[in-house]
There are 2 protein chains.
Amino acid sequence: MTKSEQQTAKRDAAKEQESVITGPAEDYLKAIYELELAGGAASTNDIAQRLSFAPASVTGMIRRLAEHGLLAYERYRGVTLTAAGRKAALRTLRRHRVIESYLVGTLGYRWDNVHEEAERLEHAASEELIDRMAAAIGEPVVDPHGAPIPTREGVVDETQYCSLADLGPGHRVAVVRVGDDDPEVLRYLASIGIMPGVTIAVLACEPFDGPITLSIENERISIGAPLAAQVLVDMIGGSEAPSH
Amino acid sequence: MTKSEQQTAKRDAAKEQESVITGPAEDYLKAIYELELAGGAASTNDIAQRLSFAPASVTGMIRRLAEHGLLAYERYRGVTLTAAGRKAALRTLRRHRVIESYLVGTLGYRWDNVHEEAERLEHAASEELIDRMAAAIGEPVVDPHGAPIPTREGVVDETQYCSLADLGPGHRVAVVRVGDDDPEVLRYLASIGIMPGVTIAVLACEPFDGPITLSIENERISIGAPLAAQVLVDMIGGSEAPSH
DNA sequence: GAGTCGAATTAGGTTAACCTAAACCAGCTG
DNA sequence: CAGCTGGTTTAGGTTAACCTAATTCGACTC
């Protein structure tokens with residue numbers, strides 16, 4: 001083997017590692033996983049919208065991912081993750097959420113600006129780094145926004161919670177999780193005391209997706225339906241009538 | 001503006017941020033900076049070898065970087081960083097070295113495997129993250145291998161040290177810095193006690209790039225010339241004859 | 001069962017970043 | 001100063017990942 005052949009071989013070997021699951025591919029798999037959780041097969045359009053790509057680009061990428069066995073794909077029929085695809089998606093999701101947790105837990109970030117940082121780091125961090133970060137903050141099971149962190153082995157809690165927008169008045173609920181992507185939304189939620197673990201009572205709901213009035217820590221506040229939809233909650237009592 | 005035009009605009013705006021200095025470009029700039037430090041203008045071949053790319057690829061990239069004002073380039077004449085290029089190189093170098101320092105200082109990494117991790121993270125970490133990491137470990141001025149960390153403003157110590165391979169017998173020196181890239185070399189250096197801050201006496205040097213015999217912490221050891229060249233040192237006394 | 005509409009795909013194009021192989025140039029050697 | 005040589009560049013090709021515009025398809029309506 002000549003010297004330049006050695007170098008070529010080294011390049012090929014280095015490329016082999018990453019191979020199929022590139023950074024962009026990880027983003028697709030993550031998006032598809034989340035869409036699937038929400039409702040069955042993920043459509044081309046849904047994926048395109050979530051990633052801010054043109055639908056045609058999505059078709060191209062999902063074809064490639066399907067060829068590599070990461071998702072099941074029939075033209076005009078949407079896609080579903082295979083076991084391998086799901087595993088890859090959860091690996092990326094774990095990275096994302098561990099990174100968010102670490103940044104908040106150790107480096108003094110606030111919960112509203114970790115998403116963007118994690119979005120980039122998740123593609124660059126090694127498994128070792130993620131495990132060390134997780135260990136450093138005590139192996140948390142949820143990230144700062146309440147999203148469950150998959151384990152190293154790819155196990156994750158997929159419980160479906162309902163959002164504040166789905167409830168009628170009279171419910172008492174615990175906030176489980178909030179959307180993690182919009183910094184402004186997160187800052188506002190924090191300012192009115194909505195964060196995982198907090199207890200909320202639903203006082204009133206106006207019709208036609210109107211505002212929802214809540215009681216949080218004895219404060220009364222109304223929020224719009226779109227915002228309410230970002231807040232996932234767990235029932236802790238009452239239904240139409242508060243238990244007493 | 002239609003909805004899809006908005007989305008296109010958003011994509012363009014997002015792309016604008018990164019724009020010219022992509023991840024690969026950062027690697028080129030870093031390499032060129034280091035080659036320049038070692039000796040004048042960086043040649044296409046030197047850059048190609050350092051980055052394990054084909055020379056033709058290097059020509060292509062340096063043309064692009066030159067077009068964007070990051071380096072001065074005349075065909076067949078090698079390249080030199082412009083002020084903008086130097087700034088970008090130092091920014092990346094700062095990231096790399098802060099990350100290495102942080103991984104060792106806080107996450108329990110050893111010095112032999114931080115390089116690879118930093119090599120990927122340096123392209124993904126935000127300025128804020130780097131600054132927080134640096135603050136968390138007390139704003140170090142050198143990384144775990146002794147390489148100087150540029151400041152946020154792009155100031156860096158460029159003192160040229162000589163290597164162990166450049167010395168004759170009788171010198172007493174302090175180790176300042178070692179090469180950071182080869183894990184095996186680093187593990188071996190650590191095993192024989194060579195790391196920044198340690199004092200070494202040069203006992204003997206065989207001719208024709210032969211082995212160099214050292215005294216480290218009262219241990220006697222011989223190392224080969226290539227390895228000795230990886231160890232940068234600072235004189236602390238003696239020349240041919242030890243001061244007494 | 002034909003028409004229609006929106007979603008999905010195909011067709012064709014762009015850019016970045018690599019490659020190999022062939023041409024080219026500079027500077028040194030005889 | 002002709003010629004060689006090695007470093008450099010040009011020419012031409014590939015792949016990934018995007019794009020727009022045009023076409024096709026599925027499902028639903030009439």
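General observations
- Total buried accessible area between A and B, probe 1.4 Å, nearest 100: 2100 Å².
- Per residue, the Cα convex hull of the protein assembly as shown amounts to 211 Å³.
- What a 1.4 Å probe finds exposed on the protein assembly as shown is 52% carbon and sulfur by accessible area, rounded to a whole percent.
- Across the identical copies, how the residue A:19 labels are spaced - nm, sorted shortest first, 7 Å along Cα→Cβ: 3.9
- Axis-nearest residue in chain A [Cβ, rotation onto B], distance in whole Å: A:124, 2
- Considering only A:126, A:222, A:151, the residue lying farthest towards the positive end of the dipole of the range A:107-244 is A:222, judged by Cα position with unit charges set on Cβ.
- Long-range HN-HN contacts of residue A:222 with modeled amide H, under 5 Å: A:214
- Remark: the range A:191-199, residue by residue, has Karplus-estimated 3J(HN,Hα) of 5, 9, x, 8, 7, x, x, 6, 9 Hz, where x stands for each Gly or Pro and the curve is 6.51 cos²θ - 1.76 cosθ + 1.60 at θ = phi - 60°.
- Around residue B:196: net Lys/Arg minus Asp/Glu count, Cβ-Cβ under 15 Å: -4
- With θ taken as phi - 60° and the Karplus curve 6.51 cos²θ - 1.76 cosθ + 1.60 applied, the whole-hertz 3J(HN,Hα) list for the range B:225-233 is 4, x, 5, 4, 5, 7, 10, 8, 9 Hz, x standing for glycine and proline.
- Inter-copy label distances at residue B:142, shortest first and taken from points set 7 Å along Cα to Cβ: 4.7 nm.
- Under 5 Å from the amide H of residue B:231 lie the amide H atoms of B:164, B:165, each residue being 5 or more positions distant or on a separate chain, with H modelled from the backbone and absent for Pro and chain starts.
- Heavy-atom accessible area per residue - the range B:162-237, 1.4 Å, Å²: 50 Å²
- Using a cutoff of 8 angstrom between alpha carbon atoms and counting only pairs six or more residues apart, the relative contact order for chain B works out to 14 percent.
- Between copies, residue B:63 shows label-point distances of 3.0 nm, shortest first, with the point placed 7 angstrom from Cα along Cα to C-beta.
The values are calculated or read from the model by the stated rules, or taken from the named source; none is laboratory data. On a predicted model such as this, the values are computed, not experimentally measured, just so you know. As a convention, Cβ positions derive from the backbone with ideal geometry for all residues, glycine included, and neighbour counts pool all protein chains shown. Calculation scope for accessible area: heavy atoms of the full protein, side chains included, ligands and nucleic acids excluded. Shrake-Rupley method; radii C 1.70, N 1.55, O 1.52, S 1.80 Å.
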